[in-house]
Amino acid sequence: MANKEALRELQGRLAERLAAARTQQRGISWLAVECGARGFLFPLREAGEIFPFAPVVPVPHTHRWFLGVANLRGHLHGVVDLAAFLGVKTTETGRDQARLVGFNQTLDINCALLVDRLAGLRSETQLTAEADDEGARPAFVGKRYRDANGRAWQELNLAELAANEAFLRILG
């Protein structure tokens, strides 16, 4: 009898915790990456698996920023050089720290973004939002932030990027 009561109490506490978790505002967190000497933030809920740089098979007649396709865990993914797509590519960097960041499966796009380097995780408590310049920009470009060291970080909304017409039009 005591075990049944203990189980009911445990279930009640779990139900209360789940209800509280659903109603609480969760903090924003990002995966910080570097591309073309710039810092970018991918919302964690939109970023997928991170892969080491893998061999990419080129696809003819595509834009320069579309590197080709790669086999990542048995699935073909299109590979986009993010710095080249955004127009911030400076020079060809070594691939020793390069990574492929996939999109979250919920976004339903088999694509991975080539980034020069991973820079860790960031939370909203570590960054300060900058004033919006109100300039025209694509829908996938979010807020700008600065960290405690003064480094600028640009948020990129991966869900908006996955729906962006220019991003989806890989033929050159």
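Just one of the listed residues (E16, E46, E34) is among the charged types (D, E, K, R), surrounded by fewer than 16 Cβ atoms within 10 Å (Cβ to Cβ) and at pLDDT 65 or above, namely E16. Being over 17 Å from L158 (Cα atoms) and modelled with pLDDT of 95 or more is a property that A119 has. Of all residues in the stretch 112-125, those satisfying the criterion of being farther than 14 Å from G48 by Cα, surrounded by fewer than 22 Cβ atoms within 10 Å (Cβ to Cβ) and touching a strand residue (DSSP E or B) at 6+ places or on another chain (Cβ under 7 Å) are R117, A119, G120, R122, S123. Kindly indicate whether any position in the stretch 101-111 is surrounded by 14 or more Cβ atoms within 10 Å (Cβ to Cβ), closer than 18 Å to G36 by Cα and not aromatic (F, W, Y). Within the stretch 101-111 (the criterion being surrounded by 14 or more Cβ atoms within 10 Å (Cβ to Cβ), closer than 18 Å to G36 by Cα and not aromatic (F, W, Y)), the answer is yes, since at least one residue qualifies.
Whenever a residue of the stretch 137-164 is among the charged types (D, E, K, R) and loosely packed, with under 15 Cβ neighbours inside 10 Å, it has no partner that is modelled with pLDDT under 95 and assigned to a helix (DSSP H, G or I) lying with C-beta atoms less than 8 angstrom away and at least six residues away or across chains. Scan the stretch 55-69 for residues that are in contact (Cβ under 8 Å) with a residue 24 or more places away in the chain, closer than 13 Å to D81 by Cα and more than 18 Å from the chain's Cα centre (by Cα) and the total you get is 4.
Could you tell me whether any residue of the stretch 56-70 is exposed (fewer than 14 other Cβ atoms within 10 Å of the Cβ), in a loop (DSSP other than H, G, I, E, B), at pLDDT 95 or above and in contact with a helix residue (DSSP H, G or I) (Cβ under 8 Å, 6 or more places away or on another chain)? Checked against the condition, which is being exposed (fewer than 14 other Cβ atoms within 10 Å of the Cβ), in a loop (DSSP other than H, G, I, E, B), at pLDDT 95 or above and in contact with a helix residue (DSSP H, G or I) (Cβ under 8 Å, 6 or more places away or on another chain), the stretch 56-70 yields at least one hit. Under the condition of being over 14 Å from the mean Cα position of the chain (by Cα) and in contact (Cβ under 8 Å) with a residue 12 or more places away in the chain, the residues counted in the stretch 84-107 number 10. Answer yes or no: is there a residue in the stretch 146-165 that is touching a His at 6+ places or on another chain (Cβ under 7 Å), more than 14 Å from A32 (Cβ to Cβ) and hydrophobic (A, V, I, L, M, F, W, C). No; the residues of the stretch 146-165 include none that is touching a His at 6+ places or on another chain (Cβ under 7 Å), more than 14 Å from A32 (Cβ to Cβ) and hydrophobic (A, V, I, L, M, F, W, C).
Do we have any residue at all in the stretch 78-94 that's in a loop (DSSP other than H, G, I, E, B) and more than 18 Å from C35 (Cβ to Cβ)? No.
The values are calculated or read from the model by the stated rules, or taken from the named source; none is laboratory data. Source: prediction; values computed, not measured. Cβ atoms come from the backbone with ideal geometry, glycine included; neighbour counts cover every protein chain shown.
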